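Here is the structure we will look at, set down as C-alpha cells.
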Amino acid sequence: MTKHLTRASTTRGGTNRQSGSLQYALRDPSLQWTEESEEPSTFGQGFTQHQVSGGFGFPVIPDRLFGFGSLQLRRRVDALESLIGADSRTLQRLGIQPDSVFRFLDILEQQYGVPAQVAAVPDDRVTDNVTMLSRWDYRINQNHQLMLRGDWRLSSQEGQRISARGVPHYGGDMESLGGGAMLSLSSVFGGSLLNEFRAYVATDERNTAPYLMIPAGRVSVRSQLEDGSRPISTLEFGGNTGMPSTSDNENLEITNELSWLTPGGAHRYKLGALFTVNRFASENASNRFGTFTFNSLADFEAGTPASYTRTLAPQDRRGGSMSGAVYLGDTWRRS
C-alpha cells in the first residue's frame, strides 16, 4: 500500500466519484493438489491463510476535499513444530530416536517438574497482520494542494522460536506495532516554479515475551537410526534465551524541493533540502536466566550439566542521529 519513505511514497487518493473494492483470499491445504504419500510426515503439511482487504474513496466536498481509506487483515495458521507433535518418521528425519525423546520428556517432567506443554502455549503458530491507511486531499486553489496521510500497522505471532527439536514451551510471543503520518503541500508559482514540502514522522515498537521465565537447557542425544547412522542432536527446553526483548524506533524526515521549468521544458532545475532525526532504544535480555548444557541423557537424569552460562545484565542500547543535506540538480531533456 505505502512505501515508508517521504520522498518516494505513493498512495491512492479519493476523487469526485465514490469507488471502492473488497477482496477475500483463502489458502488451505485441503484446497491444494499434493502428491500422495504412503507415509505422510507430521510437519510440512502446508498452512491456512485468510486475507481480507479493501479500500474506499469518496468526495467530502466535490472538487475540493477528498478522502480515501484502506484496510487489510491477514491471519496465517501453521502447525506448531515441536518434539511432542512429531511422529516416529519425522523424528527419524531429524536424527532422533523416538525412545530418546520419550525418555527426555519423562526426565523433564518427573525429575525437574517442568511439563512439556504449558497453558500459555497455543496449539498452532498463529500470525496476525493488520494494516490501515487513510489519506485526505484538500485543494486549496488551482495552485496549492494539501495532503495528509496516516498509516497504522500491527503484527503478532504466537508460538515464535519453537523448534522441531524443542518442547513447545521453548518459545514465546511477538508483537510489533507501528505507524506514521505525512503532511505534503504542493504549490505552483507563475506556471514555471514548483515547490513541494513534505514532513513524515513514524514510530515502530517490537516486543517479545517467553512462555517461561526459567533457565534454558540443551541436552545432546546420540541416536542409533535404522540406516545404521549415529547422529547427535540437541534437545531444547526451558525459557528461550533470546527473550524477553524490546525495541523502539522513532523517525522524523522533512524535505522541501523547489523546481524551475525552463521555457520549452528542456531543463528542470531543482534546489532541495533534507533534514532527518532518528532515535532508537532496545533492550535484549539474551540468556538472562542462564543456559544449562548436558552432554547426554544420563547426565541430564543425574543433574550434572557440562556447563552453565549466563548474561548478568541485559544489553540496553539507546541512541540517535541527526542529519541534513542541501542539493542542486538539473533534469535535461535532449529534445
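Go over the candidates SER296, SER335 one by one and state the one that is of a type in the set (Ser, Thr, Tyr) and open to solvent by less than 50 Å² (accessible area, probe 1.4 Å). Give the steps one after another, and end with the answer.
Numbers: SER335 fails: open to solvent by less than 50 Å² (accessible area, probe 1.4 Å).
So the residue among SER296, SER335 that is of a type in the set (Ser, Thr, Tyr) and open to solvent by less than 50 Å² (accessible area, probe 1.4 Å) is SER296.
Per-residue answers, yes or no, for (1) open to solvent by less than 50 Å² (accessible area, probe 1.4 Å); (2) within 31 Å of the chain's Cα centre (by Cα); (3) more than 20 Å from HIS169 (Cβ to Cβ); (4) of a type in the set (Gly, Ala, Ser):
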{"position": "LEU71", "(1), (2), (3), (4)": "no, yes, yes, no"}
{"position": "ARG76", "(1), (2), (3), (4)": "no, yes, yes, no"}
{"position": "SER82", "(1), (2), (3), (4)": "yes, yes, no, yes"}
{"position": "SER88", "(1), (2), (3), (4)": "no, no, yes, yes"}
{"position": "LEU94", "(1), (2), (3), (4)": "yes, yes, no, no"}
{"position": "ALA120", "(1), (2), (3), (4)": "no, yes, no, yes"}
{"position": "ARG125", "(1), (2), (3), (4)": "yes, yes, no, no"}
{"position": "ASP128", "(1), (2), (3), (4)": "yes, yes, yes, no"}
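Which of the residues spanning region 185-215 are part of a strand (DSSP E or B), among the β-branched types (Val, Ile, Thr) and within 30 Å of THR293 (Cβ to Cβ)? Explain how you work it out, then say what you get.
If we filter region 185-215 for residues that are part of a strand (DSSP E or B), which is where we start, we get 185-189, 193-210.
Next cut, among the β-branched types (Val, Ile, Thr) only: 188, 201, 203, 208.
Within region 185-215, THR208 is the sole residue that qualifies.
Could you please find all residues in region 299-312 being open to solvent by 60 Å² or more (accessible area, probe 1.4 Å) and not basic (Lys, Arg)?
At the first step, the residues of region 299-312 found to be open to solvent by 60 Å² or more (accessible area, probe 1.4 Å) are 301-302, 304, 306, 308-310, 312.
Residues satisfying the conditions are GLU301, ALA302, THR304, ALA306, TYR308, THR309, LEU312.
Counting just the residues of region 157-189 that are in contact with a strand residue (DSSP E or B) (Cβ under 7 Å, 6 or more places away or on another chain) and of a type in the set (Val, Ile, Thr), which one comes out surrounded by the fewest Cβ atoms within 10 Å (Cβ to Cβ)?
By that ranking, first place goes to VAL188.
Counting just the residues of region 277-298 that are under 30 Å from LEU108 (Cα atoms) and assigned to a strand (DSSP E or B), which one comes out modelled with the lowest pLDDT? Let's see the steps before the verdict.
As a first pass, look at region 277-298 and keep what is under 30 Å from LEU108 (Cα atoms): 284-298.
Still in the list and also assigned to a strand (DSSP E or B): 284, 291-294.
Numbers: ASN284: 81, THR291: 95, PHE292: 96, THR293: 96, PHE294: 96.
Only one residue tops the list, namely ASN284.
So which of LEU193, LEU154 is of a type in the set (A, V, I, L, M, F, W, C), surrounded by fewer than 16 Cβ atoms within 10 Å (Cβ to Cβ), closer than 30 Å to GLY264 by Cβ and out of contact with any Asp or Glu (no Cβ under 6 Å at 6 or more places or on another chain)? First the steps, then the outcome.
On the way: LEU154 fails: closer than 30 Å to GLY264 by Cβ.
The conditions single out LEU193.
Do we have PRO59 as surrounded by 14 or more Cβ atoms within 10 Å (Cβ to Cβ), out of contact with any helix residue (DSSP H, G or I) (no Cβ under 9 Å at 6 or more places or on another chain) and modelled with pLDDT under 95 here?
Details: surrounded by 14 or more Cβ atoms within 10 Å (Cβ to Cβ): yes; out of contact with any helix residue (DSSP H, G or I) (no Cβ under 9 Å at 6 or more places or on another chain): yes; modelled with pLDDT under 95: yes.
Considered against the rule, which asks whether it is surrounded by 14 or more Cβ atoms within 10 Å (Cβ to Cβ), out of contact with any helix residue (DSSP H, G or I) (no Cβ under 9 Å at 6 or more places or on another chain) and modelled with pLDDT under 95, PRO59 comes out as yes.
Mind checking whether some residue in region 112-126 is of a type in the set (D, E, K, R), farther than 15 Å from ALA209 by Cα and at pLDDT 95 or above?
no
Among residues belonging to region 216-227 that are open to solvent by less than 50 Å² (accessible area, probe 1.4 Å) and modelled with pLDDT of 90 or more, point out the one that is nearest to VAL101 (Cα to Cα).
In the first step, residues of region 216-227 are kept if they are open to solvent by less than 50 Å² (accessible area, probe 1.4 Å); the result is 216-217, 219-221, 223, 225.
Checking the rest, the ones that are also modelled with pLDDT of 90 or more come to 216-217, 219-221.
Numbers: ALA216: 17, GLY217: 15, VAL219: 11, SER220: 11, VAL221: 9 Å.
In this case the residue turns out to be VAL221.
List pairs: first residue in region 24-37 and modelled with pLDDT of 80 or more, second residue open to solvent by 100 Å² or more (accessible area, probe 1.4 Å) anywhere in the structure, Cβ distance under 7 angstrom, at least six positions apart or on different chains.
These pairs meet every condition: PRO29/GLN45.
Can you tell me how many residues within region 228-276 are surrounded by fewer than 17 Cβ atoms within 10 Å (Cβ to Cβ), among the polar types (S, T, N, Q) and not in a strand (DSSP E or B)?
The number of residues fulfilling the criteria is 2.
The values are calculated or read from the model by the stated rules, or taken from the named source; none is laboratory data. Note that the structure is predicted; figures quoted are calculated from it, not measured. All Cβ positions, even for glycine, are placed from backbone atoms using ideal geometry, and neighbour counts span all protein chains on display. Only protein heavy atoms, including side chains, enter the accessible area calculation; ligands, DNA and RNA are left aside. Shrake-Rupley method; radii C 1.70, N 1.55, O 1.52, S 1.80 Å.
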